[in-house]
1. Output the antiparallel fraction of DSSP beta bridges having both residues in the range 38-177, as a percent to the nearest 5.
2. As a test of the formula, what do you get for the chain when each DSSP H run with n ≥ 4 contributes -39,500 (n - 2.57) and the sum is divided by the residue count, at 222 nm and rounded to the nearest 500 deg cm²/dmol?
3. I need the calculated FRET efficiency for the pair residue 5 and residue 82, taking r as the beta carbon distance and R₀ as 22 Å, to the nearest 0.05.
4. Counting only C-alpha contacts under 8 Å and six or more residues apart, can you give the relative contact order of the range 38-177 as a whole percent?
5. How do the peptides 26-36, 12-22 rank, highest first, by the average count of neighbouring beta carbon atoms within 10 Å per residue?
6. Report, to the nearest 10°, how far helix 71-81 tilts away from the longest principal axis of the Cα atoms in the chain, using its own Cα long axis and a range of 0 to 90°.
7. Output the Kirkwood hydrodynamic radius of the chain, Cα pairs only, in Å rounded to one decimal.
8. Output the peptides 137-145, 167-175, 97-105, 40-48 sorted from most to least packed, where packing is the average of other Cβ atoms within 10 Å over each peptide's residues.
Ligand code: ZN
């Protein structure tokens, strides 16, 4: 599947000057919410992701997404895998399960994001799940920004990757583009201001 084309077709591959959740700046941004606007298209993507997960023999009881960014992708992936869907929400310093969601001891859980950049939010979600007795069996996302190593991807994980190396990451494609620390950002040096394209703007 050509994930870049899917994002382009949905006008979801943005050019500009963006402040990412990690605090870094980038000239491009993947606005996954635009790709998920059409449920049938979203289902095609998560069906393909579910197939990769099944082909690798991963057994899963539940998909858990970090809110808000991962919720739609997690819900559709749960449908594709025919399992339960839950999500965790931000709290000071991490994430937590709310809304009466429960996890059984040893329940096998996939943490699902829309995009894995360094994996910081996915890791916080995993820690929240493990603290409640769940077992994180994999991470999954539509696209991998190339800092972490996905199953079937070519490159080794970069030091910026926050995800544990002993749990597999499934993504439809690698999707690498430059990211800058604010003090090194060439667009800032030219005098423009980075905007927040996601849910925190
Ligand atoms: Zn900048």
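1. Of the beta bridges lying entirely in the range 38-177, close to 15 percent run antiparallel.
2. Result for the chain: -8000 deg cm²/dmol, rounded to the nearest 500.
3. The calculated FRET efficiency here is 0.20.
4. Reported as a whole number, the value is 23 percent.
5. Per-residue Cβ counts within 10 Å, averaged per peptide and sorted highest first, yield 26-36, 12-22.
6. 40
7. With all distinct Cα pairs of the chain included, I get 17.1 Å.
8. 137-145, 167-175, 40-48, 97-105
Quick note: the coordinates plus some simple rules give every number you see, no bench work behind them. Computed from a predicted structure; not experimentally measured. Neighbour counts run over all protein chains shown; Cβ positions are idealised from the backbone, glycine included.
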